[in-house]
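Novice: This structure is in structure tokens; I'll ask about it shortly.
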Amino acid sequence: MSRGRGLLAPLFRAASTAARRRQPHSHHPRASPQALHALLLKSGRASRTHDATRLAVAYADSGRLPDARRVFDEALHKDLILWNAMVACYAAHGLALHAWAFVASMRRSGAPGLAGDGFTFSALLRPPRRAVDSVDDVEMLLRMGALAHGLVLRMGHLADVVVATALLDMYAKCGRVADARRVFDAMVVRNVVSWNAIVVCYGSHGEGKDAVGLFRRMLRDGRCCPDERTLASVLSSCANMAAANEATQVHAYAQKRGLQGFLQVANALIMAYGKNGFVREVARIFVMTDDPDVVTWSSLVSSYAYLGHSNDAVHVFERMLQQGVQPDGIAFLGVLSACSHAGLIGDGLHYFLMMTRAFHIDPSPQHLACLVDLLGRAGRIEEAYNVVVKLSCESNADIVGAFLGACKMRGNIELAKWAADKLLCLEPSEAVNYLLMSNAFAAAGDWNELAKIRSVMRNRCINKVPGCSWIEIGGTVRTFVSNDMVLHQSMEMQQMMELTVSEVQKECNEDTICKDPILI
């Protein structure tokens, strides 16, 4: 390595790091890509392949893609590393067509060694930094990924674990769970990243049982040890499907491996135990967590709200503010939900105004549904109506449903009819909406409207899904409906339920306010 290259290397690293972290370059006055470019031009090295590659990456990390492209065009010799750097730059910024154009130009050049390697395709398949939400973005990513999949198969790069994992992750991001699983099953070599990708894929698409099964398979395989990301994903799946037995087993494994100290594992444990009803475990995990972040606090607030411990949720939220932790939208949603369910009208309105005015957080539809419910409980139906109309919430079924419930509570039949019509237009096939409407009309004594709603419900909602409960037996979650005698061991379950109810009634006589000295 030449002396000049050795002196410039720290500047390249500083420029790229500062750009990725969105930091100013004042800490290193020569670390900006423009300053580095000027130095290279002055020294006559701007057209050298190695320096051009690092300069292009520095520009791309700063979001200056046209400048990165100009550096590429001015390079005298373009090797595979420089081509790959540009492909990665465009793909990372969500410009899939530009990335593919570079790959096509590189392959058409016919130069030796420019057919593309594993890094080319892994960069091409890497999801952009921004979230892929719109249908058009997903379809574009899927089309490009399918083309890359064909090239990977033809060139024999599927044996590369990095390429195969990128392909798997691309299918997962597009919601193609079956295709992601086929890629995973075809992999010759798997590392912890590929295992994590498939576990996260199943968990994020509501297939928690399969995610837990893959975790067990990973343990049996023994060639890769689960890391903190694996455990956090599996615990999230346990939370979503209320699998208490699996959650406790994963917790024991995390303790055995010493992974409970990782923040994302602790956060996932709080949510998993919260969704499974273990309120004491929730508090214990939080107390044992070193340096809890906003996700940890939000998980605790949401868990208490979910379990009906509204006073504890408010107490923890206030403690969070005292600790100087800035709450996010999820924390506010948890405390608003707690206030709504407990009828803490003043506190709920106070927190909503705090969220919008003090912390400048734009309310989501879930926040607005809580606000409408709070106003309805306070008897301020006209204000709730203004929220729905003036904030253009008529197109959101949750908000309109909350407003309909408020109208039912206060017996406002005229606004209840208005909300019912809106709800019918939004979701004409949802049986729960018809039940909301019929309950509102029944509470107001309008039996003619009730009969009409019931008639429409019978015609439109043929396959009404009955309400059900579930219980975990031997590691298997079983669902059942009211008075269901078909399920195996139903008598034993009823006896256990009676015992549980009696124990709960004993505990309900005790004060449920949080007494943990650390939280207080």
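Novice: Of all residues in region 74-107, count the ones that are aliphatic (A, V, I, L, M), open to solvent by 40 Å² or more (accessible area, probe 1.4 Å) and either in a helix (DSSP H, G or I) or in contact with a strand residue (DSSP E or B) (Cβ under 8 Å, 6 or more places away or on another chain) (or both).
Specialist: Going through region 74-107 one residue at a time, the tally reaches 3.
Novice: Could I ask something else about it? So which residues in region 258-272 are open to solvent by less than 10 Å² (accessible area, probe 1.4 Å), more than 15 Å from residue 330 (Cα to Cα) and out of contact with any Cys (no Cβ under 6 Å at 6 or more places or on another chain), if there are any at all?
Specialist: Scanning region 258-272 gives 265, 266, 269.
Novice: Check whether at least one residue in region 315-333 is part of a loop (DSSP other than H, G, I, E, B), on the phi < 0 side of the Ramachandran plot and aliphatic (A, V, I, L, M), and report yes or no.
Specialist: Yes: region 315-333 contains one or more residues that are part of a loop (DSSP other than H, G, I, E, B), on the phi < 0 side of the Ramachandran plot and aliphatic (A, V, I, L, M).
Novice: Considering only residues of region 187-209 that are assigned to a helix (DSSP H, G or I) and open to solvent by 60 Å² or more (accessible area, probe 1.4 Å), which is farthest from residue 268 (Cα to Cα)?
Specialist: Out of the qualifying residues, it is 193.
Novice: Among the residues of region 287-306 satisfying the criterion of being assigned to a loop (DSSP other than H, G, I, E, B) and open to solvent by less than 50 Å² (accessible area, probe 1.4 Å), which is farthest from residue 266 (Cα to Cα)?
Specialist: Per the stated criteria, the residue is 292.
Novice: Across region 351-391, which residue is surrounded by the most Cβ atoms within 10 Å (Cβ to Cβ) among those that are hydroxyl-bearing (Ser, Thr, Tyr) and part of a helix (DSSP H, G or I)?
Specialist: So the residue we want is 351.
Novice: Check residue 298 against each of (1) within 26 Å of residue 322 (Cα to Cα); (2) more than 16 Å from the chain's Cα centre (by Cα) and name the one condition it does not meet.
Specialist: Residue 298 satisfies every listed condition except (2).
Novice: Just give me the residues in region 219-231 being part of a helix (DSSP H, G or I) and not basic (Lys, Arg), in sequence order.
Specialist: 219, 221, 228, 230, 231
Novice: Ok, one more. Out of the residues in region 153-210 meeting the condition of being of a type in the set (Asp, Glu) and touching a Lys or Arg at 6+ places or on another chain (Cβ under 9 Å), tell me which one is farthest from residue 240 (Cα to Cα).
Specialist: Initial filter on region 153-210 (of a type in the set (Asp, Glu)): 160, 169, 179, 185, 207, 210.
Checking the rest, the ones that are also touching a Lys or Arg at 6+ places or on another chain (Cβ under 9 Å) come to 169, 210.
Working: 169: 21, 210: 13 Å.
Here the answer is 169.
Novice: Counting only residues that are in contact with a Phe, Trp or Tyr (Cβ under 9 Å, 6 or more places away or on another chain) and outside any helix (DSSP H, G or I), which one in region 232-276 is nearest to residue 203 (Cα to Cα)?
Specialist: So, considering only residues that are in contact with a Phe, Trp or Tyr (Cβ under 9 Å, 6 or more places away or on another chain) and outside any helix (DSSP H, G or I), the one nearest to residue 203 (Cα to Cα) is 241.
Novice: Is it the case that region 336-353 has a residue that's in contact (Cβ under 8 Å) with a residue 60 or more places away in the chain and either out of contact with any strand residue (DSSP E or B) (no Cβ under 8 Å at 6 or more places or on another chain) or not aliphatic (A, V, I, L, M) (or both)?
Specialist: There is no residue in region 336-353 that is in contact (Cβ under 8 Å) with a residue 60 or more places away in the chain and either out of contact with any strand residue (DSSP E or B) (no Cβ under 8 Å at 6 or more places or on another chain) or not aliphatic (A, V, I, L, M) (or both).
Novice: Given (1) touching a residue at least 12 places away in the same chain (Cβ under 8 Å); (2) under 25 Å from residue 340 (Cα atoms), where does residue 245 come up short, assuming only one miss?
Specialist: Residue 245 satisfies all of (1) touching a residue at least 12 places away in the same chain (Cβ under 8 Å); (2) under 25 Å from residue 340 (Cα atoms) except (2).
Novice: Six or more apart or on different chains, Cβ under 8 Å: which pairs go from a residue in region 171-182 that's more than 18 Å from residue 161 (Cβ to Cβ) and part of a helix (DSSP H, G or I) to one that's acidic (Asp, Glu) and at pLDDT below 90? Could you list them?
Specialist: The qualifying pairs are 177/207.
Novice: Continuing with this model, one more query. Kindly establish whether residue 347 is within 25 Å of residue 402 (Cα to Cα), part of a helix (DSSP H, G or I) and open to solvent by 30 Å² or more (accessible area, probe 1.4 Å).
Specialist: yes
Novice: Further question on the same structure: Condition test on residue 312, is it of a type in the set (D, E, K, R), crowded, with 18+ Cβ neighbours inside 10 Å and touching a helix residue (DSSP H, G or I) at 6+ places or on another chain (Cβ under 6 Å)?
Specialist: yes
Novice: Pull up region 143-182, narrow it to residues that are among the β-branched types (Val, Ile, Thr) and touching a His at 6+ places or on another chain (Cβ under 8 Å), then point me to the one that is surrounded by the most Cβ atoms within 10 Å (Cβ to Cβ).
Specialist: 163
Novice: Considering each of 432, 501 in turn, give the residue that is more than 26 Å from residue 208 (Cα to Cα), assigned to a helix (DSSP H, G or I), β-branched (Val, Ile, Thr) and modelled with pLDDT of 65 or more.
Specialist: Answer to the selection: 501.
The values are calculated or read from the model by the stated rules, or taken from the named source; none is laboratory data. Keep in mind that what you see is a predicted model, and the values were worked out from it rather than measured. Every residue, glycine as well, gets a Cβ built from its backbone with ideal geometry; the counts of neighbours run over all protein chains shown. For the accessible areas, the whole protein counts, side chains as well, though only heavy atoms, and no ligand, DNA or RNA atoms are used. Shrake-Rupley method; radii C 1.70, N 1.55, O 1.52, S 1.80 Å.
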